[in-house]
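The values are calculated or read from the model by the stated rules, or taken from the named source; none is laboratory data. Just so it is clear, the structure is predicted and the values come from calculations on it, not from any experiment. Here Cβ is always computed from backbone atoms with ideal geometry, including for glycine, and neighbour counts include all displayed protein chains. Quick note on the areas: whole protein, heavy atoms, side chains included, nothing else; ligands and nucleic acids left out. Shrake-Rupley method; radii C 1.70, N 1.55, O 1.52, S 1.80 Å.
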Amino acid sequence: MGSLDIAANMPIIWRHSVDEERYEKARVGRVFNRRRPKRYPVAVVEAESEEHIVQAVKLAIGQQLRISVRSGGHSWAAWSVRDNAVLLDLGKWEHISLDKDAGTVTVSPSTTGHVLNNYLGQHGFLFPGGHCPDVGLGGFLLQGGMGWNCKNWGWACENIVALDVVTADGELVRVDEEQNSDLFFAARGAGPGFPAIVTKFHLKVRKSYTSMLASTFVYPISKYSEVLDWVVKISPGFDDAVEIVACANTPAEVGEICITAHFVTFKNTREEAVKSLELANTTRPEGFLVEIVNEPTSLAEEYKAQALANPTGHRYCAENGYIKNDSNVAAVLEPSFTTLPHPKAFAIWFAMNPCSRRELPDMALSMQSDHYFAVYTVWEDENDDERCQKWTRGVMKDLAPHCEGAYLGDSDFQIRQTKFWTDDKANRLMEIRRRRDPTSRICGYLIPGDASGAEGLENIDKLHLD
Ligand SMILES: Cc1cc2nc3c(=O)[nH]c(=O)nc-3n(C[C@H](O)[C@H](O)[C@H](O)COP(=O)(O)OP(=O)(O)OC[C@H]3O[C@@H](n4cnc5c(N)ncnc54)[C@H](O)[C@@H]3O)c2cc1C
C-alpha cells in the first residue's frame, strides 16, 4: 500500500485541505500553554488506536516527513508542534487496564495523572503521576517524572515495567529489561528525544493511602530567609511519607508576595499521619499569616490546588535547576522568590533528599540534587510576554552557576541548554538515538532552528537567548 493510501485509512487533517479553524484546533487546541508556537505541521493524525500510530509512522516514512508526538500537550515549549512534520496527537487513543494480582496498570500515553488516579483509587491503588491533574503520562514519564512524593518514592519512571513502542522504521515492539533494553534505558529519562513512539506504558502501582494530612504555613516575604532556611534544614528529618515544598506566590487574600511551606503526608491512620508532620508543626517559625495544621486532604484536593495555581488559558514560561548541595539555598533563590513579575507567577523549592542520595537504576535519568528549584511565570496578556520572559531568563542567568544541571520537564532548549544527565548517561543516550533513528524521523530535542536532529542534545551549558 502506498503511503497516501495508508493516510486514507486514518483520522488525518492535512494543512492544505481544511479550513484554518479546524487546522488550528488540531495544531494547538490541546496545547496547555496559551503562548502558541509559530510552527506549522503539514498534517495532524488524531490516532485512536495503536494501529493508527504504526500507520502514521509509515506515512511519514513514505512521504519523507518527520513525525512529532503529543500525549497530554503539557510541554511548556509545545515540543509537539514542529514545522513541516506530521503531528501525531494521541489524545483520542485511550486505554487503561489494571492487573490487580500483578499490581500493574497498562495505560495509553495521553492518560493524565488525574484520570489514572480516579480509576486506580476505585481499586485501592495509586500512581505517582504529575502534580497537575492534566499532565499526560507520555511526556512526564519519558522525562523521568517528578511525581507525588518523588523525594521518597523515587522517580515515576522507576515504576515502568515495560513499554510498547513503534520504532522509527514503523515496527511495534515490546521494550523491557530483556527486549530492546537500549530503549528501556532511554525511555526512562530521554524526554522529548526518545527515538521511538510509546503506544502503551506498563506500570507498577502502589496501594493507596487512607489518611492524608497537610500542614501549611504562609508568611510575609519579609520572613523569606528564615522560613526557607528552616524548611531546607528540617526536610531530611521527616519519615518517608512526607512531600515538602516551599513556594513563593501572591495569595489573592494577601495581595503581596508570600512564602509558604507545605507538607503533605501519605499514611493509613490519622495517628501515623499526625506523627509524621510533628516536626513541621512543632518547629515552624513565628510570624505566620496563616497556619493550617494537620488538615485532612486527598489526592483529589491536592489536584484542585494545583489546577488553581496552573490555570488553563494562560501564558507560561518555566525555568529550573538542581541547586548544588553545598549552596546557601536561601541566598541563591532570594531574587527569584522575592521579585516575581506577575501576581500569578510562582517559584518553588522542592525537597529531593533522600531520592537524590540514592544510587539510581541503570536509566538515562541521572541528574539530581537535594534541592529542586523551578519558576513558573504565568500571565494572561500578550503585552506582558517580553517582560515576563525577560525576568525569567534574568533570574535563571544568575542562578545557573549555582546549579548542577536541570530537569527536562521544566526546560526550553530554545532558550537555554545545560546538563540534563551525567555525561556518561548522556553519551549512551545519544548513541542510542543515532542508532535507533539515524535520519531523525521522530522529531527530537527542539533547539533553535530545530537543528538538533539525530545527534540529539549536547549535555553542556549554552545560552541561546540572553
Ligand atoms: C501545569 C503543568 C504542571 C506540571 N507538573 C509537573 C510535575 O508535577 N512533575 C513533572 O515531572 N513534570 C510536570 N510538568 C512538566 C510535564 O511533565 C512535561 O511538560 C511533560 O512533557 C508533559 O507531558 P505531556 O505528555 O502532557 O506533554 P506533550 O507536550 O504531549 O509531550 C511532550 C513531548 O514528550 C514526547 N512524547 C510525549 N508522548 C510521547 C510518546 N507517546 N512517545 C514518544 N514521545 C512522546 C514528545 O517529544 C512530546 O513533544 C508540568 C507541566 C505543566 C504544564
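Couple of notes before you dig in:
- Elements of type helices (runs of 4 or more DSSP H) contained in the stretch 3-103, each with 1 or more residues being over 21 Å from Val198 (Cα atoms) and either more than 16 Å from the ligand (Cβ to nearest atom) or under 27 Å from the mean Cα position of the chain (by Cα) (or both): 3-8, 20-28
- Some residue of the stretch 244-263 being within 25 Å of Leu116 (Cβ to Cβ), open to solvent by 50 Å² or more (accessible area, probe 1.4 Å), touching a residue at least 40 places away in the same chain (Cβ under 8 Å) and not acidic (Asp, Glu): no
- Residue within the stretch 389-408 that is open to solvent by 70 Å² or more (accessible area, probe 1.4 Å) and not in a helix (DSSP H, G or I) present: yes
- The stretch 124-145 - residue that is open to solvent by 20 Å² or more (accessible area, probe 1.4 Å) and part of a loop (DSSP other than H, G, I, E, B) and, of those, farthest from the ligand (Cβ to nearest atom): Gly124
- Checklist (1) touching a residue at least 40 places away in the same chain (Cβ under 8 Å); (2) open to solvent by less than 20 Å² (accessible area, probe 1.4 Å) applied to His114, failing item: (2)
- Only one of Val175, Val115 that is more than 8 Å from the ligand (Cβ to nearest atom), more than 20 Å from the chain's Cα centre (by Cα) and over 22 Å from Asp101 (Cβ atoms): Val175
- Residue within the stretch 48-62 that is open to solvent by 40 Å² or more (accessible area, probe 1.4 Å) and of a type in the set (A, V, I, L, M) present: yes
- Restricting attention to the stretch 420-459, the residues that are assigned to a loop (DSSP other than H, G, I, E, B) and open to solvent by 70 Å² or more (accessible area, probe 1.4 Å) add up to 4.
- Leading residue by the ranking (farthest from the chain's Cα centre (by Cα)) among those in the stretch 310-362 that are within 16 Å of the ligand (Cβ to nearest atom) and open to solvent by 60 Å² or more (accessible area, probe 1.4 Å): Lys344
- You will find that of Glu382, Glu319, Glu404, the residue that is in contact with a helix residue (DSSP H, G or I) (Cβ under 6 Å, 6 or more places away or on another chain) and of a type in the set (Asp, Glu) is Glu319 and no other.
- Test for Gly456: is it touching a residue at least 12 places away in the same chain (Cβ under 8 Å), within 30 Å of Ala330 (Cβ to Cβ) and within 14 Å of the ligand (Cβ to nearest atom): no
- Those strands (runs of 3 or more DSSP E) of the stretch 150-259 in which at least 1 residues are among the aromatic types (Phe, Trp, Tyr), considering only elements entirely within it, cover 196-204, 211-220.
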